[in-house]
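Quick notes on the structure that follows.
None of the figures in this text is laboratory data; all of them are computed from the coordinates on show. Everything quoted here is computed from the prediction, not taken from an experiment. Please note: Cβ atoms are built from the backbone with ideal geometry, for glycine as well, and neighbour counts cover all protein chains shown.
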Amino acid sequence: MTVHRKILTQHGFVDKDLLTYPYEERGLQFGDGIYEVIRIYHGDYYLLTEHVERLFRSAAAIKLTVPYNKEQVYHKLAELLEINDVKGDAKVYLQITRGSAARDHVFPDTEPNFYAYVQDLPRPLTELKNGVSVITQEDERWQNCYIKSLNLLPNILAKQEAKEQNCFEAILHRKEKVTECSSSNVYIVKDGKIYTHPETNNILHGCVRSKVKTLAQNLNIPLIEEAFTLEDLQTADEVFLTSSNAEVMPIISIDHKQVQDGKPGTKTISLQKAYEQDAKIEQDASIFQVQ
Ligand code: PLP
């Protein structure tokens with residue numbers, strides 16, 4: 001997936017081949033920073049306000065000062081798409097670290113480092129239509145998962161385990177309670193109601209998750225923010241996950257056991273359609289066409 005040439009930094013736009021990073025950098029040495037992944041459809045940002053608000057919340061939570069105000073962030077992100085002439089489906093990766101300084105655990109007296117780049121991202125149409133398989137894993141992360149921090153070691157280990165078992169994602173649980181996935185939020189449908197973990201410190205408050213709450217309300221599907229258990233997961237009528245990368249993704253197998261008949265459920269499909277309408281991408285909704 002191609003990364004577009006011009007990368008936005010605090011020193012202006014830099015060609016990707018010329019961007020270098022110091023070895024003493026807080027993000028590299030400590031994971032001392034935050035990030036966002038923002039979806040773009042047909043050259044336009046989707047859920048941009050939600051992402052920018054979360055960026056500022058994450059920054060405040062780790063006592064990091066974003067080097068721009070919100071208006072400046074919106075302006076710079078618009079420029080990033082313009083200068084790279086982005087017209088298709090893509091994502092922006094944006095990261096802010098506490099800066100470059102001699103390695104010391106204590107905060108340095110330096111400016112934060114900021115960069116953002118655009119990468120093409122085709123929609124995962126086959127998976128959206130057919131659903132994906134996942135595994136379950138103990139949630140070994142810290143207690144502040146609402147912060148979108150660069151410290152992702154437990155997340156990548158869980159995702160790697162999923163990959164090694166030919167699965168798309170790992171559903172994480174703290175003892176019996178399901179929290180979320182390694183890079184997405186997770187939901188079950190039971191007796192016509194959707195259940196998902198409440199917005200506590202133990203999950204990332206997903207931007208698509210908050211959109212799904214509204215979409216479910218519009219569809220008159222009750223959505224209950226209550227933690228469910230591994231047992232609930234096994235007996236669910238439907239299971240799905242959400243993220244900016246994966247959209248509303250049906251889960252058809254968990255730990256190599258089929259969910260019900262192994263096909264995406266009807267409520268999940270209604271939410272997928274509602275998502276596509278909201279993101280104005282229904283014209284490319286080949287996922288719903290009968291082949
Ligand atoms: N949970 C985790 C741990 C994530 O890393 C992500 C996205 O990267 C999500 C949930 C979904 O968040 P969003 O819907 O904002 O993409």
- Message: Can you give me the distance in nm between label points at VAL14 and ASN130, each placed 7 Å from the Cα along the Cα-to-Cβ direction?
- Response: 4.1
- Message: What are the extents of the Cα atoms of the range 32-189 along their three principal axes, in Å, largest first?
- Response: 42, 42, 27
- Task: Taking only the C-alpha atoms, wrap a convex hull around the chain and report its volume per residue in Å³ as a whole number.
- Result: 137
- Message: Could you tell me the center-to-center distance, by alpha carbons, between the range 116-164 and the range 2-77 in angstrom?
- Response: 19
- Sites removed, the longest contiguous part of the chain containing no DSSP-loop trypsin sites (Lys or Arg not before Pro) with at most 12 other Cβ within 10 Å is 176-279
- Query: What is the diffusion coefficient of the range 149-264 in µm²/s, taking the Kirkwood radius over Cα pairs and the Stokes-Einstein relation at 37 °C with a viscosity of 0.692 mPa s?
  - Reply: 228
- Task: Using +1 at the Cβ of each Lys and Arg and -1 at the Cβ of each Asp and Glu in the chain, identify which of ILE34, ILE281, LEU128 lies farthest towards the dipole's positive end.
- Result: ILE281
- Query: With each run of n ≥ 4 DSSP H residues scored as -39500 (n - 2.57), what mean residue ellipticity at 222 nm is computed for the chain after dividing by its residue count and rounding to the nearest 500 deg cm²/dmol?
  - Reply: -8500 deg cm²/dmol
- Taking every alpha carbon pair in the range 6-120 and sorting the distances into 10 angstrom bins from 0 up to the bin holding the longest one, the percent per bin comes out as 13, 46, 32, 8, 0
- Among the listed pairs LYS129/LYS211; LYS76/LYS193; LYS16/LYS63; LYS87/LYS273; LYS129/LYS213; LYS76/LYS129, give every one whose C-alpha distance is greater than 31 Å. LYS76/LYS193; LYS76/LYS129
- Note on the structure: If every Lys and Arg gets +1 and every Asp and Glu gets -1 at its Cβ, then about the Cα centre the range 125-282 yields a dipole, in debye to the nearest 20, of 340
- Here the gain from full extension of THR2 to ALA61, 0.36 nm per residue of separation minus their alpha-carbon distance, amounts to 18.0 nm
- Query: Which of the aspartates and glutamates could a cross-linker span from LYS148 if the Cα-Cα distance has to be under 19 Å and same-chain partners fewer than 8 positions apart are dropped?
  - Reply: GLU25, ASP32, GLU36, GLU50, GLU53, ASP139, GLU140, GLU169, GLU180, GLU199, GLU247
